[in-house]
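S.K.: Please see the structure below; I have some questions.
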Amino acid sequence: MIKLFNLSNHDTDLGKFGFDHSRLDAFIRNFGFDGIELIQNNEWKEEQIPSRHVKGMHMRFWPVWLDFWNGNGKELLKQFGSMETVCHYYGGDNRKAMVSWYKKEIETAVKLNVKYVVFHISHVLPEHCFSYKFTYVDSEVIKAGIELLNEVMDGVTGEFRLLVENLWWPGLTLLDGTLAKELIDGVRYPYKGFMLDISHVMNTNLQLSDEDGAVDYILRVLENLGGLSGLIKGIHLNSSLSGEYVKSQFGNSSIFEEKDFFKRYIDSYKHVLNIDRHVPFESTSIRRVLDFVKPEYLVYEFLTDNIERLEELSALQNKVLGF
């Protein structure tokens, strides 16, 4: 099993290591990591994060994308207010902008010789992060996701794995084995599978109150997948017991009153950080999930403001897992 942690090449993350990759080397060594899963916010540079550390890459995610992909101009104007804002958000005025962005990321992944890339197939509007009243259902998002992935991966000859990650918004949740199989079967790239995000499964059940109960729930979800669970090649390890918070926000209508898309987007992002908390899983019962999945890649996925906090959380997760 290859043990990693998530790291972006944004200044806020690079600054944790003083913009000095020798300090990154020391952190990786001291906490028993084999490298990182890279989130590419900017163009990758060897002097910032040496390629030898990059084992996986997390692709960019547009949470709002289905109407853009389907060319629904009327709905886009309703959501964004103007085509100028649409172009600013997506980098263009049609689906080719998204495909082009992802192809460039794939080129970098091939250049870095990564073991895998992670992709989200999900769709949610800022307002729906609060209301949980969604525009599309899972099957519609997955159908479009298959189209997107096939365009992005067309002509790609790398041998890395394409791992689709579960979320709790409409799309791939892993709660429906039939839809999960439809996604895997529909993507033409041969090396494919799933990245299981522990918190994201927890977020599909607002009644969870403790981590031991969460483990029981996660194992039921995995067992219901049958043989498809064997396609889970990696785990994003974190914890989030946020059901009571989510239910407390159902009546929050303030975001619906804001006209500016990006202000709504920022408000919803802050809200999502309270749903998906990215903290360590503190119960040793999580080992039951690792024993069931036997992942090739285990990724500590935490959100921290400084190196001291990252060290603290990594040490805690190591202790829980007996590493």
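S.K.: What whole-number volume per residue, in cubic angstrom, does the convex hull of the C-alpha atoms of segment 37-95 give?
M.R.: Value for segment 37-95: 93 Å³ per residue.
S.K.: Additional query: So, counting K/R as plus one and D/E as minus one, what does the shell of residues with Cβ under 13 Å around GLY226 add up to?
M.R.: Spelling it out: positives minus negatives among the neighbours equals 0.
S.K.: Give me the Debye-computed log₁₀ of I(q)/I(0) at q = 0.11, 0.17 Å⁻¹ for segment 187-323, equal point scatterers on Cα only, no solvent, two decimals.
M.R.: Log-scaled intensity ratios, in q order: -0.49, -1.00.
S.K.: Turning to a different aspect of this structure: Report the semi-axes of the equivalent ellipsoid for segment 242-288 in whole Å, largest first, where each axis is √(5λ) for an eigenvalue λ of the Cα gyration tensor.
M.R.: Result for segment 242-288: semi-axes of 30, 13, 5 Å.
S.K.: For ASN113 and ARG288 in the same chain, what is the full-extension length gain: residue separation times 0.36 nm, less their Cα-Cα distance, in nm? Intermediate values should be presented prior to the final figure.
M.R.: Values: separation 175, 0.36 × 175 = 63.00 nm, distance 3.13 nm.
59.9 nm is the gain from fully extending ASN113 to ARG288.
S.K.: Related question: Counting only DSSP beta bridges with both residues in segment 150-288, tell me the antiparallel percent, nearest 5.
M.R.: The antiparallel fraction comes to roughly 10 percent.
S.K.: Sorting ILE266, ILE36 on the 10 Å Cβ count, fewest up front, what's the list?
M.R.: ILE266, ILE36
S.K.: If I model a spin label as a point 7 Å beyond the Cα along the Cα-Cβ vector, how far apart are those points for GLU311 and LYS133 in nm?
M.R.: 4.9
S.K.: Which number gives the lysine pairs in segment 60-214 that have C-alpha atoms under 22 Å apart and are eight or more places apart or on different chains?
M.R.: Step by step, the pairs that qualify in segment 60-214 add up to 19.
S.K.: Now a separate question. Given the convex hull over the Cα atoms of segment 54-280, what projected area results after averaging over all orientations, in nm²?
M.R.: Average projection, Cα convex hull of segment 54-280: 12.2 nm².
S.K.: When only C-alpha pairs under 8 Å and at least 6 residues apart count, what is the relative contact order of the chain, in percent?
M.R.: Averaging sequence separation for qualifying contacts and normalising by length gives 18 percent for the chain.
S.K.: To the nearest 500 deg cm²/dmol, what mean residue ellipticity at 222 nm is calculated for the chain from DSSP H runs of n ≥ 4 alone, each contributing -39,500 (n - 2.57), summed and divided by the residues?
M.R.: Value at 222 nm, helices only: -13000 deg cm²/dmol.
S.K.: Rg and Dmax of segment 35-187 over Cα atoms: what are they, in angstrom?
M.R.: 16.1, 46
Throughout, read-outs are computed from the coordinates displayed, never taken from laboratory work. Everything numeric in this text was worked out from a predicted model, so none of it was measured. So basically every Cβ, Gly included, is an ideal-geometry build from the backbone, and we count neighbours across all protein chains shown.
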